[in-house]
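The values are calculated or read from the model by the stated rules, or taken from the named source; none is laboratory data. Small disclaimer: the values here were computed from a predicted structure and weren't measured. Cβ coordinates were reconstructed from backbone atoms using ideal geometry, including for glycine residues, and neighbour counts include every protein chain displayed.
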Amino acid sequence: MVHRAAVAEVFVTDAVSLGDDRFLVGAQWPRDHALYHPDEEGRSDPLLVAETIRQALVYLGHWHYGVPLTHRFVGRTMDFEITDADALRVGSQPLSVVLDGRWRWVDSRPTQRFGMCLEVVLSVGGKECGRGSLQVIAVDERRYELLRWRSAASAPAAAPPVRGAAHPEPGSLDPLLVGRLRAKDSVIVAGTSPGQWQLRLDLDHAILFDHPTDHVPLMVILEGIRQLGYVLAGPQGEALDDRRTSPVLSSLAIDCLAFAELDEPVHLLVLEDVREAGADRAAATPSPADQSPPQGPCRRRLRIQAVQGGRPVAVTESTWSLPGGEPVGPGRPAAADAPRPGDGEEMVGSR
């Protein structure tokens, strides 16, 4: 009902209809997880927000609205923002999360095609701590095959992805550099020149590829974007030993533009890298006499595009915070002609 094969990867526990397309969805986040583990400060993994929203939409679509179980769900856009990371700290028992969701039909033409959007407010213990939304289409097998044929027709074949890559292949980043604990969870590979990155696909990864698929799943792309953001916004050199400086992902938005195929490399391109030192004073203009450094957490805003075969398959925007001090690393200019999340027309993206 949530498109997960392993019970251990199901986070949604229940849902209640409040009428007028509004729902309360319960979820339980584990105290620890092989991939979505808490950070060194005990904060829950931000991508648990994305995965829980995805599961909630799929569950409500099937359970309440009767979308056939045989229909294929295809993502269009997703975004989330964590407004209170401290409320998501892991304690002595699993974290009980509640999504207050509102459902909207978007360009829906039942029964062959359902267009839907779920907007949620996230709360823990009655305290709001985040928000998010997900828009998808669900189509029958015939229409799905048409979408896949249209996407694959323009994608040239390439070398097959890696199976069973339990250890980093040449160029894979150390898991510490990408904020993960296990080598098998490092999903980005350094390119042949500075600024080049590539997704590393391991079809045997028990979480990212929980079940067979014919394209790169949405959560795999999000994991790659998250890891690259951690590299760009995170500590460098000797600062790696200071875990207090680790960046925290506070918001992420993705617009899926095309299916990402499994048999061709997916490259990640940084389109924009903007640093905001001292977010508490970002809006103020200091006087000439005020030469003190900005106070408060620094922020890093990134716009990253996933490209395959020369065509964009997704574009993302994310915001990272780094408690105290100056942002680490240089900022990068934006590409003027690159699409922004929400600019795409009919999205044919990853599930």
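Any chance you could count how many residues in region 1-44 are outside any loop (DSSP other than H, G, I, E, B) and closer than 16 Å to Asp100 by Cβ?
Of the residues in region 1-44, 14 are outside any loop (DSSP other than H, G, I, E, B) and closer than 16 Å to Asp100 by Cβ.
Filter region 22-58 down to the residues that are buried (at least 16 other Cβ atoms within 10 Å of the Cβ) and of a type in the set (Asp, Glu), then identify the one that is nearest to the chain's Cα centre (by Cα).
Top of the filtered list is Glu51.
Every residue, every condition in (1) in contact (Cβ under 8 Å) with a residue 40 or more places away in the chain; (2) among the acidic types (Asp, Glu); (3) under 22 Å from Glu128 (Cβ atoms), yes or no:
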residue	(1), (2), (3)
Gln55	yes, no, yes
Trp63	yes, no, no
Val74	yes, no, no
Ile82	yes, no, yes
Val90	yes, no, yes
Gln93	yes, no, yes
Gln112	no, no, no
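Based on this model, can you work out whether Val2 counts as surrounded by fewer than 21 Cβ atoms within 10 Å (Cβ to Cβ), β-branched (Val, Ile, Thr) and under 23 Å from Ile225 (Cβ atoms)?
The answer is yes for Val2.
Taking Glu169, is it part of a loop (DSSP other than H, G, I, E, B) and either at pLDDT 95 or above or in contact with a strand residue (DSSP E or B) (Cβ under 8 Å, 6 or more places away or on another chain) (or both)?
Considered against the rule, which asks whether it is part of a loop (DSSP other than H, G, I, E, B) and either at pLDDT 95 or above or in contact with a strand residue (DSSP E or B) (Cβ under 8 Å, 6 or more places away or on another chain) (or both), Glu169 comes out as yes.
Out of all the residues in region 154-166, is one or more assigned to a strand (DSSP E or B), modelled with pLDDT under 95 and either out of contact with any strand residue (DSSP E or B) (no Cβ under 8 Å at 6 or more places or on another chain) or crowded, with 19+ Cβ neighbours inside 10 Å (or both)?
No; the residues of region 154-166 include none that is assigned to a strand (DSSP E or B), modelled with pLDDT under 95 and either out of contact with any strand residue (DSSP E or B) (no Cβ under 8 Å at 6 or more places or on another chain) or crowded, with 19+ Cβ neighbours inside 10 Å (or both).
Enumerate the pairs (first residue in region 250-261 and of a type in the set (Phe, Trp, Tyr); second residue anywhere and not in a strand (DSSP E or B)) with beta-carbon separation below 6 Å, excluding pairs fewer than 6 apart on the same chain, so at least 6 apart or on different chains.
Sorted first by the residue in region 250-261, then by its partner, the pairs are Phe259/Ser151; Phe259/His215; Phe259/Val348.
For Asp14, all conditions in the list (1) surrounded by fewer than 18 Cβ atoms within 10 Å (Cβ to Cβ); (2) under 21 Å from the mean Cα position of the chain (by Cα) hold save one; what is the number of the exception?
Failed condition: (2).
Tell me, which residue of region 121-132 that is surrounded by fewer than 24 Cβ atoms within 10 Å (Cβ to Cβ) and in contact (Cβ under 8 Å) with a residue 12 or more places away in the chain is nearest to Ser251 (Cα to Cα)?
So, considering only residues that are surrounded by fewer than 24 Cβ atoms within 10 Å (Cβ to Cβ) and in contact (Cβ under 8 Å) with a residue 12 or more places away in the chain, the one nearest to Ser251 (Cα to Cα) is Arg131.
Does any residue of region 80-89 turn out to be surrounded by fewer than 17 Cβ atoms within 10 Å (Cβ to Cβ), among the hydroxyl-bearing types (Ser, Thr, Tyr), at negative phi and in contact with a Lys or Arg (Cβ under 8 Å, 6 or more places away or on another chain)?
The answer is yes, given that some residue of region 80-89 is surrounded by fewer than 17 Cβ atoms within 10 Å (Cβ to Cβ), among the hydroxyl-bearing types (Ser, Thr, Tyr), at negative phi and in contact with a Lys or Arg (Cβ under 8 Å, 6 or more places away or on another chain).
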